[in-house]
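Worksheet: the structure to be examined is printed underneath.
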Amino acid sequence: MNSQLKWKFVFILAVLLFCIYGVIGLPTFPTSLNQVKLNLADRIKLGLDLKGGSHLVLQVQLEEAIGQRCDQTVDQISKQLHDKNIGFGEIRRVDDTHIEVRDVAPATSGSFRDLITNQFSDWTMAPSAGQTDGYLLTMKPSVVADLRKAAMDQSLEVITRRINALGLTEPTIAFTGRSDDEILVQLPGEGDPTRAKSVIQAGGQLQLTLVVGDQTYPSQIAALAANGGVLPAGSIILPGSDAGTPGQPAQQVFYILARAPVVTGQDLVGATPQPSTNNPGQYDVSFHLSTSAAARFGPFTEANIGHRMAIVLENKVYTAPVINGRIEDSGVITGNFTQDSAQDLALVLRAGALPASIKYLEERTVGPSLGADSIRQGVRASIGSMIVVMIFLVFYYRLSGVNAVVALVLNLVILIAFMAYAGAVLTLPGIAGVILTIGMGVDSNVLVFERIREELRNGKVPAPAVDTGFDRAFLTIIDTHVTTIVSAVFLFLFGSGTPVQGFAITLVIGLLANVFTSIYVSRAIFDYHLSRMDRQGHLSI
Amino acid sequence: MEFFHGVNVDWMGKAKYFVALSVLLLVVGWISIFSRVSKNPGAMYGIDFRGGTLVYVRFAAKAPVDQIRRGLQDAGLANSTIQGISDTQSVGSQNDVVIGLEQSQGDQSLDVGKQKILDVLHKTFGTDTSGKPDFNSITPSALVSDLTQKDPLSLGTGAGDRYTQLAAALTDARDKNHDGIVTSFDELKNVPGVTPAVVSLLANNYSLGTFAIRDAEIVGPKVGAQLRHQAFWATIYALGGMLVYIAFRFEWVYGAAAVIAVFHDVLITLGFFSLFHYEISLTVIAALLTLVGYSMNDTIVIFDRVRENLRLMKREPLADIVNKSINQTLSRTILTSGLTFLTVLVLYLMGGEVLRAFSFAMVVGVVVGTYSSFGIAAPIVVLWNRHHGGKGSTVRTGSAAGKPRGGSSKELAHV
C-alpha cells in the first residue's frame, strides 16, 4: 500500500471513529452495553410523531395589543387637550391603528398640531376626509411592527415560564416561523395537553378595583336600571358569583366596578396556594405586592374602609371582600379552588400576564403506544429491506458489492452522527429523507460499478477501468446530488414550521455523506485491491 | 453476474405509446380526483390540509364499529366518519378505529370536536361511575404525582425519582407490552419495581376503560389552508431550483424536460391516490418530495450519458444518441429502481398503518419516476431538437465529459 492510500484510510478511520463517538460516546463514555443504549437514546432525538406527545400551535391575537395601545393614546391625548385648553369636539378610536379628532377649535389648531408632532411622534397626522378642522392620526407602520414584535416576545416568554413551571420533560416553546403571530408548544411524552392548555390560555390579568355602590345585581339590566339606565362614568359591569350562604349555593351576580384598577398583575411579586381557612379542603391563593404598588394600595384601602373591593381575573370577579382596614402589600383570592387549580392560578399569576389573548390553531396528540408502534414497524421494515438490498449487491457485484455495503453502512453512520452532533430531530418525514439517501447511495455505487464493467468489456485492464469508471460516474453523481441538494435547500427555506423541513435536513446531510462514501471511500477500497493484484488480474465485479 | 447488457431498444420510436400511456393514466386518475372533489371539495385532503378533528381509538377487543356509528348518529354528529383499521402487524388486528369530524362553523374553541367524540365514546361504552381516573389514558406525569402522594412503597420524603421511574415503567408496560390497553391490573404484576402494594393501590384508585385514545389531531381551518399553501410553494420553489441547476449544467430544454417529467409523476401519483382512496397528508407530501428527488435523479443519469455521447457521436441523429444512452444505462436503471422498489414495497407491507399512505406514494412514485425518465423526459428533448434544428450541438458539454479530471474541477467551480 502506498503512503497516499495509507493516509486515505487513516482519514476514513478518523471520520468513522468521530461519527461512532458522536452517536454512542456522548454524554458519558460507555463502559457497558447499557450505557451505550442510554447514550443512543440521549443522542438520537425523536420527533413527537415517533415518540408520542402533544403538539400545539397557538396564535397570539396581536391586534388586541395594538388596539390597547390605541386606547391608551386616546386617553393620553384627550387628557393633554384638556390640560392645554385646546378645544375639540370629539376624539375616538376609528380602528386598531387610527384615531380621529373632530372639530378642533381653529384658534388652537396650531397648538394641537404641535402637541401631536412633539409628544405623539408614533403617529402621523393628516386632515380627516370630509371634515374641516378634523384630524386623522395613523399609527406608524414601524411602531405597529415594533408592537407586534414586542407582544410576541413577551408572549413567548410568559408561555415559556408557565410551561416550565409545570415541570414537564423537555418542552419546546418556539415561534413556528410560518407566520409572525404563531407559537409552537411541544410537550414530549405528554398524552393529554388539557392542563398545559388551560395554563397557557389563562390571561393572568389580575386587577383589584373598587366596587361602585358596594352592591351586586342579579342581572346586567338590573345593574343598569339601578343607575337610571346609564352606566356611571368610568365604570364597567362584570359578572361574578356571590359568596353563597349555608343552604344556598353561590349564584351568578353582576358588579359595577371602577374601570381603572388600583393594582394590576404587574404589581405582583409573588403568589402561593394555601389551604383555605374558611372552607376546609379548599385552597386559596395569597399574593404579595411590590413596594411601589403597596405605597398606592395602603392609602387607597385606608380611604375606602367599609367599601368593597373586587378581585378580578379574566374579566370575572372572583371575590369582593369588604375592606376592613388599611392593607399594605398582600391579599388572598378565594374561589373554591382545588389544590391543583390553586397551584395553576398561582403559577399563572407569578409568570405574568399575556399581552393579548391567544387562540389555538392546531392540536395533535400522539399517544406513546402509537409512537412506539411506528418506530418499531418503521425500523423493522427499514432494516429488513436494507439487508435484502445488501445481500443482493454482494450477490450481483461479488467482492465489489462488499465495497458498496461498506459505503452504505458508513453513509448511515455519518448521517446519524451528524444529526446527533447538530441536535437535529428525527421525524417520520426525516425517515423519508433517509430512504431517499439510501436509494441514491445504492444508485451511486451501481453507477460506478456498471461503468467499470463497461470499461472492462471494452477491453481495459482493471486499473484503468476502475479509474475511468469512477471519473465518468463522478460527474453524474455530482449532478444528481447537487440537483437534489438544491431542491432540499429550497424546501428547508420555504418549508419552515412544517415537517417538510425534517425531510430536507436528513436529505442534505445524507447526500453529502453519500458523495464522500460512494466516491472517496469506495475508491480507496478499490485502490487497495488493485495495489494487491497484478495489472492483468481479475477484478471481482 | 449480469442481467442486461447489449440491449438495443428503439425507445424514442416508441415515444408516442409512452405519451399515450401517460395521458391515459393522467386522465383516469384526474377524472377520479374531480369526481371525488365535486362531491366534497376537501375529499382529497387529510386532516392536515382540510382542518377538522381525527381521533384514533384502540379498543381492548374487536372495535364495535356499528355501535360507535350509532352513537355518533344519536349525538347528531352527521358529518362524522368512522374507519376501521386492519393492521396486520399488530397483535389485536381489528381493534383500532379512526373517527373523524369535520370542522363545523361557529365552534367556540378548537377542541370542541374532540370533546364531542369523546363524549359519544364515553356515553356508548360507559365510564366508571366511581369517578376513578382511567388507567389506560393516564399520562406518566399524572401518575407520578398520584404515586408520590399515596406512597405505596412507603418511601416517605426519600422517594427521590423512584416514583418517576415506576410511573414510566408502568405506562411503558401498558403502551409497549399490552398495546396501549390493560384489561386487568394483574397484568402489571411483573413490571420491574411493582410490588403487590402498588398493584392494589392502582386497583383501588383507577378504573380500566375499554378503549384508549392513541392519537388525536385537531387542525384549525386557517392552519389547513396555510399548510396547503406553504407545502405547495415550497415544492414549486424546489422544482424551480432544480430547473435552474439543470439548465445551467446542460441546456434549458433539458431542465424543462426533467421538471415536466417529475411534475407528470406527481400528477399521476395523485391520481393513484384518488383511485385507491388515500388522503393527502403532510407525510404524503414528504413522500411526493422523495419521489421528485428520485425521478430527477433517474432523469439526470440518462441526460448525463446523452451529454457524454453527444461528444462521441457527432454525426448521428439525437434520437439514436438518446436511445443508445438509455440502453447503456438500462442495467443501472433496472437495478437501482428494482432495489428501491423492493425497499418501499417492504415498507408498504410491513411499515404499519402510520406509514401506509406514505409508502403507497413511494411504491407508485418509484415505478412512475423510473418510467418518466425515458418515457417522458427524453422524448421531450428529442422532440424539441427535431423542431428547432440542431441536434443539441449547443449543449454545453465543454470538455467535462471527455476529460473528467481536468473538466470536473472547472465544472465544480460552477457548483
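At least 2 residues being more than 43 Å from the chain's Cα centre (by Cα) is the threshold, and among the helices (runs of 4 or more DSSP H) wholly inside region A:454-541 those reaching it are A:462-494, A:522-531. Scanning region A:165-207 for residues that are part of a strand (DSSP E or B), closer than 30 Å to A:A226 by Cβ and in contact with an Asp or Glu (Cβ under 9 Å, 6 or more places away or on another chain) yields one hit, A:L206.
Kindly establish whether A:I333 is assigned by TED's automatic domain parsing to the domain that holds A:G213 and either part of a loop (DSSP other than H, G, I, E, B) or within 26 Å of A:L224 (Cα to Cα) (or both). No, not satisfied. The lone criterion from (1) away from chain A (no Cβ under 14 Å); (2) within 28 Å of the chain's Cα centre (by Cα); (3) on the phi > 0 side of the Ramachandran plot left unmet by B:I268 is number (3). When the test is whether a residue is more than 15 Å from B:I138 (Cβ to Cβ), modelled with pLDDT of 85 or more and within 8 Å of chain A (Cβ to nearest Cβ), B:L227 does not pass it. Against the numbered list (1) crowded, with 17+ Cβ neighbours inside 10 Å; (2) at pLDDT 80 or above; (3) away from chain B (no Cβ under 14 Å), A:L349 comes up short only at (2).
The numbered conditions (1) at the interface with another protein chain (Cβ under 7 Å from one of its Cβ atoms); (2) surrounded by 24 or more Cβ atoms within 10 Å (Cβ to Cβ) are all true for A:A513 except (1).
May I ask you to verify whether B:A225 is within 21 Å of B:F49 (Cα to Cα) and in contact with a Lys or Arg (Cβ under 6 Å, 6 or more places away or on another chain)? Answer is no for this residue.
So, of the residues in region B:244-254 that are free of Cβ contacts under 8 Å to residues at least 24 places away in the same chain and surrounded by fewer than 22 Cβ atoms within 10 Å (Cβ to Cβ), which turns out to be nearest to the other protein chains (Cβ to nearest Cβ)?
From region B:244-254, those free of Cβ contacts under 8 Å to residues at least 24 places away in the same chain are B:244-245, B:247, B:252; that's our starting set.
Next cut, surrounded by fewer than 22 Cβ atoms within 10 Å (Cβ to Cβ) only: B:244, B:247, B:252.
On the way: B:V244: 8, B:A247: 11, B:W252: 14 Å.
Among residues in region B:244-254 that are free of Cβ contacts under 8 Å to residues at least 24 places away in the same chain and surrounded by fewer than 22 Cβ atoms within 10 Å (Cβ to Cβ), the one nearest to the other protein chains (Cβ to nearest Cβ) is B:V244.
If A:G47 satisfies every condition in (1) touching a helix residue (DSSP H, G or I) at 6+ places or on another chain (Cβ under 7 Å); (2) surrounded by 13 or more Cβ atoms within 10 Å (Cβ to Cβ); (3) of a type outside the set (K, R); (4) more than 14 Å from every other protein chain (Cβ to nearest Cβ) but one, which is the exception? All conditions pass for A:G47, except number (4).
Within the bounds of region B:232-239, is there any residue that is crowded, with 19+ Cβ neighbours inside 10 Å, part of a helix (DSSP H, G or I) and either over 33 Å from the mean Cα position of the chain (by Cα) or not assigned by TED's automatic domain parsing to the domain that holds B:H387 (or both)? No, because not a single residue in region B:232-239 is crowded, with 19+ Cβ neighbours inside 10 Å, part of a helix (DSSP H, G or I) and either over 33 Å from the mean Cα position of the chain (by Cα) or not assigned by TED's automatic domain parsing to the domain that holds B:H387 (or both). When the criteria are applied in full, A:L231 meets the requirement of being surrounded by fewer than 20 Cβ atoms within 10 Å (Cβ to Cβ), modelled with pLDDT under 80, closer than 30 Å to A:A293 by Cβ and away from chain B (no Cβ under 13 Å).
Considering only residues of region A:219-235 that are within 43 Å of the chain's Cα centre (by Cα) and in contact (Cβ under 8 Å) with a residue 24 or more places away in the chain, which is farthest from A:F254 (Cα to Cα)? Talk me through it step by step, then tell me what you get.
At the first step, the residues of region A:219-235 found to be within 43 Å of the chain's Cα centre (by Cα) are A:219-220, A:231, A:233-235.
Subsequent filtering for residues that are in contact (Cβ under 8 Å) with a residue 24 or more places away in the chain retains A:219-220, A:231, A:234-235.
On the way: A:S219: 6, A:Q220: 6, A:L231: 13, A:G234: 16, A:S235: 13 Å.
For region A:219-235, the residue satisfying everything is A:G234.
If the condition is being surrounded by 24 or more Cβ atoms within 10 Å (Cβ to Cβ), within 23 Å of B:F248 (Cβ to Cβ) and within 7 Å of chain B (Cβ to nearest Cβ), then region A:484-506 contributes A:T484, A:S487, A:L491.
So which residues in region A:391-404 are within 14 Å of chain B (Cβ to nearest Cβ) and in contact (Cβ under 8 Å) with a residue 60 or more places away in the chain, if there are any at all?
At the first step, the residues of region A:391-404 found to be within 14 Å of chain B (Cβ to nearest Cβ) are A:391-401, A:404.
Matches in region A:391-404: A:Y397, A:R398, A:L399, A:S400, A:A404.
Restricting attention to region A:57-87, the residues that are in contact with a Lys or Arg (Cβ under 7 Å, 6 or more places away or on another chain) and more than 15 Å from A:W123 (Cα to Cα) add up to 4. Checked against the criterion of being away from chain B (no Cβ under 11 Å) and surrounded by fewer than 21 Cβ atoms within 10 Å (Cβ to Cβ), the candidates A:A465, A:A417, A:A407, A:A424 yield just one match: A:A424. Residues of region A:427-453 that are assigned to a helix (DSSP H, G or I), more than 7 Å from chain B (Cβ to nearest Cβ) and of a type outside the set (A, V, I, L, M): A:G430, A:G433, A:T437, A:G441, A:S444, A:N445, A:F449, A:R451, A:R453. Within region B:10-56, the set of residues being of a type in the set (V, I, T) and within 24 Å of B:V262 (Cβ to Cβ) comprises B:V19, B:V23, B:V27, B:V28, B:I31, B:I33, B:V37. Exactly one of these conditions fails for A:G270: (1) surrounded by fewer than 17 Cβ atoms within 10 Å (Cβ to Cβ); (2) at pLDDT 80 or above; (3) part of a strand (DSSP E or B); (4) not β-branched (V, I, T). Give me its number. Going through (1) surrounded by fewer than 17 Cβ atoms within 10 Å (Cβ to Cβ); (2) at pLDDT 80 or above; (3) part of a strand (DSSP E or B); (4) not β-branched (V, I, T) one by one, A:G270 breaks only (2). Contact map, region B:173-201: residues that are in contact (Cβ under 8 Å) with a residue 60 or more places away in the chain paired with residues that are surrounded by fewer than 16 Cβ atoms within 10 Å (Cβ to Cβ) and among the hydrophobic types (A, V, I, L, M, F, W, C), Cβ distance under 6 Å, separation 6+ or inter-chain. Pairs shown: B:D179/B:V91.
Taking B:E217, is it within 12 Å of another protein chain (Cβ to nearest Cβ) and of a type outside the set (S, T, N, Q)? Even if it seems obvious, please write down each step before you answer.
Details: within 12 Å of another protein chain (Cβ to nearest Cβ): yes; of a type outside the set (S, T, N, Q): yes.
Answer is yes for this residue.
Residues in region B:186-209 that are crowded, with 19+ Cβ neighbours inside 10 Å and hydroxyl-bearing (S, T, Y): B:Y206 only.
Go through B:L188, B:L155 for me and flag whichever is modelled with pLDDT of 80 or more and either more than 35 Å from the chain's Cα centre (by Cα) or in the same structural domain as B:P64 (by TED's automatic domain parsing) (or both). One residue alone meets the criteria, B:L188. Say we look at region B:351-376 and pick out the residues that are more than 13 Å from chain A (Cβ to nearest Cβ) and under 18 Å from B:I246 (Cα atoms); which of these is surrounded by the most Cβ atoms within 10 Å (Cβ to Cβ)? Per the stated criteria, the residue is B:F374. Considering B:T340, B:T290, B:T299, B:T333, which residue is β-branched (V, I, T), within 15 Å of the chain's Cα centre (by Cα), facing chain A (nearest Cβ under 10 Å) and under 25 Å from A:T437 (Cβ atoms)? Exactly one of B:T340, B:T290, B:T299, B:T333 is β-branched (V, I, T), within 15 Å of the chain's Cα centre (by Cα), facing chain A (nearest Cβ under 10 Å) and under 25 Å from A:T437 (Cβ atoms), namely B:T290. Only one entry of A:A145, A:A150, A:A126 meets the criterion of being farther than 25 Å from A:S357 by Cβ, among the small types (G, A, S) and either over 15 Å from the mean Cα position of the chain (by Cα) or at pLDDT below 85 (or both), and that entry is A:A126. Of the residues making up region B:33-81, those that are surrounded by fewer than 19 Cβ atoms within 10 Å (Cβ to Cβ), among the aliphatic types (A, V, I, L, M), over 28 Å from B:N177 (Cβ atoms) and out of contact with any Ser or Thr (no Cβ under 7 Å at 6 or more places or on another chain) are B:V37, B:A43, B:A75, B:A78.
The values are calculated or read from the model by the stated rules, or taken from the named source; none is laboratory data. Note that the coordinates shown come from a computational prediction; the quantities given were computed from them, not determined experimentally. Please note: Cβ atoms are built from the backbone with ideal geometry, for glycine as well, and neighbour counts cover all protein chains shown.
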